[in-house]
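A short write-up of the structure that comes next.
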Protein chains: 2
Amino acid sequence: MKETLTDPLTADKMGGLRMTKQRQVVYEVVQEMAMEHPTASAVYAKAKELMPTISLATVYNCLETLTDAHAITQVNIDREASRFCPNLQPHAHFFCAKCDSVFDVDLHHKADASEPWNLPEGSLIDEVNVAMRGVCPNCRED
Amino acid sequence: MKETLTDPLTADKMGGLRMTKQRQVVYEVVQEMAMEHPTASAVYAKAKELMPTISLATVYNCLETLTDAHAITQVNIDREASRFCPNLQPHAHFFCAKCDSVFDVDLHHKADASEPWNLPEGSLIDEVNVAMRGVCPNCRED
DNA sequence: TTTCTTTTTTAGAATAGTTCTTGATATAAA
DNA sequence: TTTATATCAAGAACTATTCTAAAAAAGAAA
């Protein structure tokens, strides 16, 4: 058996996923905290405010389910804890080494992430993951 | 106190790092296994053949030291174990989802990794990390 | 509805990769 | 030499995440 829609508000974004209370809470929290690119524990902390009985395991489960359903994206930088992002457009991430914040970086108009790369002839690219490190405009001024 | 050179053969690549037997072994192994992009445990396994008394902790220490000295690079894909790479040229990594191998991908002539990206005005980029997932030419034929 | 089946949740145990701690060794400086 | 510093080895500790098993919830069938 599989997915049924229960919540019309988010159904379209959930790709026909069964929408439980927990998934809804986790999804909302990821959206609210989008700018922070929260880790699983950060989502957990916030989610508990809305639903005190939710467990960390459930937060992990929901994040995985939502990721698999392409409702959110998992963002990894080095070996740090994964962060989660509701931005579904192709984009890169910029990590400021000074303030530790994460910014979404869009592609230039009509640009392609694999553009500068001399890909092996005949390879099939599913996904290009781009992470940048540096100092953000705010921190450069300090 | 800091670095002294002991091994003229690799000194240039080690950025003036104190060259101990262990670091030398680890460095050699990473070079030998470059095509495999070995993990720390893979390096450990091979290093033990050359130096049976070496410990896993030491392999981790050496890999970190060599990485900090820019003699090798640490490569991360998702949350998998880190891999290590002696290729110091700017390059991306391509991960074949079928055969699990990793390929180095070079930049096109005069191209820049940050080219397609609309970076925040005034930001300073230290490092651009590019990882691609897909199916390699070999696996596509199967 | 009531019952049956499947999915999801919870809590805690387990795991994997990595880092830390401590005492022993080795290397360099004086 | 003697002294100071850096590195090593072994194993314990840590952290993010996944797994396990039992309870709860959701949906389907009757």
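The values are calculated or read from the model by the stated rules, or taken from the named source; none is laboratory data. Keep in mind it's a predicted model, so treat the numbers as computed, not measured. When we count neighbours, we look across all protein chains shown, and the Cβ atoms used for this are built from the backbone with ideal geometry, even at glycine. In case anyone asks, the SASA skips ligands and DNA or RNA and just uses the protein heavy atoms, side chains included. Shrake-Rupley method; radii C 1.70, N 1.55, O 1.52, S 1.80 Å.
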Inset, instruction - Say whether the condition of being of a type in the set (Lys, Arg), in a strand (DSSP E or B) and in contact with a His (Cβ under 9 Å, 6 or more places away or on another chain) is met by at least one residue in segment B:69-85. - result: yes
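In segment A:89-108, what count of residues is obtained for those that are of a type in the set (A, V, I, L, M, F, W, C) and in contact (Cβ under 8 Å) with a residue 60 or more places away in the chain?
1
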Legend entry - Every pair of residues 6+ apart whose Cβ atoms lie under 7 Å, when the first sits in segment B:52-64 and is more than 11 Å from B:Val25 (Cβ to Cβ) while the second is among the β-branched types (Val, Ile, Thr): B:Leu63/B:Val26; B:Leu63/B:Val43
Legend entry - Residue, least open to solvent (accessible area, probe 1.4 Å), within segment B:25-38, restricted to residues that are farther than 30 Å from A:Arg83 by Cβ and in contact with a Pro (Cβ under 7 Å, 6 or more places away or on another chain): B:Ala34
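For the condition at pLDDT 95 or above, on the phi < 0 side of the Ramachandran plot and within 14 Å of another protein chain (Cβ to nearest Cβ), what is the one hit in B:Asn61, B:Asn76?
After ruling out the rest, the residue left standing is B:Asn76.
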Legend entry - Of all residues in segment A:88-105 being open to solvent by 40 Å² or more (accessible area, probe 1.4 Å) and within 26 Å of A:Glu64 (Cβ to Cβ), the one that is nearest to the other protein chains (Cβ to nearest Cβ): A:Phe103
Legend entry - Residues that are touching a Cys at 6+ places or on another chain (Cβ under 8 Å) and either touching a residue at least 24 places away in the same chain (Cβ under 8 Å) or not small (Gly, Ala, Ser) (or both), drawn from segment A:109-123: A:Pro120
Inset, instruction - Sort out which residues of segment A:39-73 are open to solvent by less than 50 Å² (accessible area, probe 1.4 Å) and either in the same structural domain as A:Phe95 (by TED's automatic domain parsing) or in contact with an Asp or Glu (Cβ under 9 Å, 6 or more places away or on another chain) (or both), and write them in order of number. - result: A:Thr39, A:Ala42, A:Ala47, A:Ala69
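I'd like to check something: does segment B:44-54 contain any residue that is within 10 Å of chain A (Cβ to nearest Cβ) and either more than 16 Å from DNA strand D (Cβ to nearest atom) or in contact with a Cys (Cβ under 9 Å, 6 or more places away or on another chain) (or both)?
no
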